[in-house]
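Q: One structure, pasted below without further comment.
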Amino acid sequence: MAGALTDAPAVTVPFLSLGDVNARHADELKAAVGRVIDSGRYVLGDELAAFEREFAAWCGVRHALGVGNGLDALSLILRAYRDLGDFAAGDEVIVPANTFIASFLAISEAGLRPVPVEPDEATFNLHPVNVEAAIGPRTRAILAVHLYGQLADMAALGDIAARHGLRLIEDAAQAHGASRDGIRAGAFGDAAGFSFFPSKNLGALGDGGAVVTADDRLARRVAALRNYGSEVKYEHLYRGVNSRLDEIQAAMLRVKLRHVDDDTTARRAVARRYLRAIRHPLIVLPHVEEGEAHAWHLFVVRSAHRDALQRHLGDLGVQTLVHYPVPPHRQPAYAGESTLDLPIADRLHREVLSLPMSPTLDSAAIGHVIDACLSFGAGR
Ligand SMILES: *Cc1c(COP(=O)(O)O)cnc(C)c1O
C-alpha cells in the first residue's frame, strides 16, 4: 500500500505552524488591518513610513525601505549600486554555494554574475579564506548570507571587503535580530536585504521585504527604483520596478515587530534544549560561535544518514525539512555552472536536516522531538 494516504503517520510535531504563530496576535493584527481599511490609503502611506522608521531603529541602521519581498530587496541593492556606477554588467559577486537560490537570483537579476564559494562546514556560512581566494579582477561585492539565523563572520569579511575595495552586502532574510556585541544583522555591511515571507522570524501575512542601509545615496536610489524609478509622481528618473511593501503588510509587521524579540528568546530556549539533550553519534549538532546571539531561524543538524533520520522522525510524527536539497549551482536555472566542483556544499546538501523550530513549540513537543532523535538507529 505504499503511497496510500491513510498509511502516512500522523504529524504530532509540525515543522512550523504559522497559524499558531499568528493566532497569538490575532486581535492586534485584525485591529491593524481594520485601521488600514478605514484609512483609505493602501500603498506608500503612513503605515509603511512608520514601519520603516521602527524597523530601521530596531536594526540600528539609518534607513529602511519596504519592498515587495526579500529577493527584490537584494536585487534592488545590487541594481542601485550598479546604477550608481559601483558595478558594471557582468561583474562578479561572491556568494556562499549552499544558500537559498534567491541569493543567486538577486545577483543575476541585477545583470551580475554569482561566484559561489565553499562555506565553512561548521557554521554553514562564508569561509573568509575561500572568499579571499575567489576574488578576481571583476569581483565587486560579497553577498554574505546569515544562513539559518547565524551571522556570517562579518569582522573578517569586512576586513577583506575593505582591503579589496568591495561592497559587503548582507542577505539577512533568515537573521532578524541575530547580533554580535550589540550589533544586529543588517548593521554590519553597506546594505542588507530582509525578507518578511510568512515563515521568516519576522513574518508578514503575505510577501514583504526591506532594504536597510546607512548609505543615504543608496537609500534614495532604492526608494525611487521600487516605485517606477520615480521621486516625484509622474516624473521618472530611472527605469525602475514596482516593488513596494503595502500598507496592510506594513501595519501587520508593526504588530509583529513588537513581539519579535520575545519570539527570538523563545527560539533560543528551544535551541538550548535541543543542544543540551540531542547527544547521538549519528547526529551532528549545529555549532554556535562564541559571543554570538543566533536568531535560530532554523535548527539544522547534519547526519551521514540524513534520509533515514528524516524517515525515522517522520514515522514518529516529527515533521522535518531539508534546507536545501539541491545547491543553486546544480539547479537547471544555473545549468551553465553545474561543472563547478564544490564538494563541501554538495555534502552539506546531502546531510542537513532542519528540526521543528518555532516560538510556539511547547515543552512536550520539544521533548518529543528530542526523544525521537535519541531513538534513531536503536535496534539496528
Ligand atoms: C527567504 C530568503 C530570501 C528571499 O526572500 P523572499 O521574501 O522569499 O523573496 C533570500 N535569501 C534567503 C537566504 C532566504 O532565506
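Q: State log₁₀ I(q)/I(0) for the range 260-372 at q = 0.10 Å⁻¹ as given by the Debye formula over alpha-carbon point scatterers of equal weight, solvent excluded.
A: Evaluating at q = 0.10 Å⁻¹ gives log10 I(q)/I(0) of -0.34.
Q: Ranking request for peptides 17-23, 57-63: highest mean number of other beta-carbon atoms within 10 Å first, then the rest in descending order.
A: Packing order, densest peptide first, comes out as 57-63, 17-23.
Q: For labels at ALA155 and VAL326 in the simple 7 Å Cα→Cβ model, what's the distance in nm?
A: 4.0
Q: Continuing with this model, one more query. Among TYR81, TYR234, TYR42, TYR334, rank each residue by its count of other Cβ atoms within 10 Å, from fewest to most, as a rough exposure measure.
A: Values: TYR81 25, TYR234 6, TYR42 12, TYR334 18.
Exposure proxy ranking, most exposed first: TYR234, TYR42, TYR334, TYR81.
Q: Ok, one more. So what is the 222 nm mean residue ellipticity for the chain from helices alone, if each DSSP H run of at least 4 adds -39500 (n - 2.57) and you divide by all residues, rounding to the nearest 500 deg cm²/dmol?
A: Per the formula, -11500 deg cm²/dmol.
Q: If you average the alpha carbon positions of the range 23-95 and of the range 290-333, how far apart do those two centres end up, in angstrom?
A: The two parts, judged by their Cα centres, are 29 Å apart.
Q: Next question, about the same structure. At 4 °C and 1.567 mPa s, what whole-number value in µm²/s does Stokes-Einstein give for the translational diffusion of the range 142-225, with Rh from the Kirkwood sum over Cα pairs?
A: Here the translational diffusion coefficient equals 98 µm²/s.
Q: While we're here: Using alpha-carbon pairs under 8 Å, 6+ residues apart, how would you state the relative contact order of the chain in percent?
A: The value is 22 percent.
Q: Lys/Arg Cβ at +1, Asp/Glu Cβ at -1, dipole of the chain taken about the Cα centre: which of VAL129, LEU168, GLY45 is farthest positive-ward?
A: So the residue we want is GLY45.
Q: Here is a follow-up. Can you give the direction-averaged projected area of the convex hull of the alpha-carbon atoms in the chain, in nm²?
A: 20.5
Q: Only loop residues by DSSP count here, and only those with at most 16 other Cβ atoms within 10 Å; note down the trypsin sites (Lys or Arg not before Pro) in the range 130-215 that meet that.
A: Counting only loop positions with at most 16 other Cβ atoms within 10 Å, the trypsin sites (Lys or Arg not before Pro) in the range 130-215 are ARG138.
Q: Count the DSSP beta bridges whose two residues both fall in the chain, then state the antiparallel fraction as a percent rounded to the nearest 5.
A: Close to 60 percent.
Q: Here is a further query. Using the count of nearby Cβ atoms within 10 Å as a rough guide to exposure, how do LEU76, LEU253, LEU340, LEU168 rank from fewest to most?
A: Taking fewest neighbouring Cβ atoms as first place, the list is LEU340, LEU168, LEU253, LEU76.
Q: Could you pull out every residue, at least 5 positions away or on a different chain, whose amide H is within less than 5 Å of the one on ASN125? Hs are placed 1.01 Å off N in the peptide plane, and Pro or chain starts have none.
A: Result for ASN125 returns ASP120.
Q: Mind grabbing the base-10 log of I(q)/I(0) for the range 198-260 at q = 0.19, 0.29 Å⁻¹? Debye formula, identical points on the C-alpha positions, no solvent, two decimal places.
A: Here the Debye-derived log intensity ratios amount to -0.80, -1.12.
Q: For the range 53-208, divide the Cα radius of gyration by the Kirkwood radius and give the resulting Rg/Rh value with two decimals. All intermediate terms of the calculation are to be shown ahead of the outcome.
A: Numbers: Rg = 14.3 Å, Rh = 15.3 Å.
Looking at the range 53-208, the ratio lands at 0.93.
Q: Compare the peptides 257-267, 318-328 by average per-residue count of other Cβ atoms within 10 angstrom and give them in order, highest first.
A: 318-328, 257-267
Q: Between the range 130-168 and the range 199-267, what's the alpha-carbon centroid distance in Å?
A: The distance from the Cα centre of the range 130-168 to that of the range 199-267 comes to 24 Å.
Q: By count of other Cβ within 10 Å, fewest leading, how are ILE169, ILE283, ILE344, ILE107 ordered?
A: Sorted ascending by nearby Cβ count, the order is ILE344, ILE283, ILE107, ILE169.
Q: If you take all C-alpha pairs in the range 177-328, what percent of them are over 28 Å apart?
A: 39
Q: In nm², what is the average projected area of the convex hull enclosing the Cα atoms of the range 1-118?
A: In nm², the orientation-averaged hull projection of the range 1-118 is 13.3.
Q: Okay, moving on. Between VAL288 and ARG35, 0.36 nm times their residue separation minus their Cα-Cα distance comes to what?
A: 86.9 nm
Q: Same structure again: Given the Cα-Cα distance of GLU54 and ALA214 and 0.36 nm per residue of separation, how much length would full extension add, in nm?
A: Full extension from GLU54 to ALA214 adds 56.1 nm.
Q: Name the lysines eligible as straight-distance cross-link partners of LYS30: C-alpha to C-alpha under 22 Å, and not fewer than 8 places from it in the same chain.
A: Within the straight-line limit of under 22 Å, LYS30 reaches these lysines: LYS200, LYS256.
Q: If R0 is 22 Å, what FRET efficiency do you get for LEU237 and ALA162 from their C-beta distance, rounded to 0.05?
A: After rounding to 0.05, the efficiency reads 0.10.
The numbers here are math on the coordinates, done by the rules we state, and not lab data. Everything numeric here is computed off the predicted structure, so don't read it as measured data. When we count neighbours, we look across all protein chains shown, and the Cβ atoms used for this are built from the backbone with ideal geometry, even at glycine.
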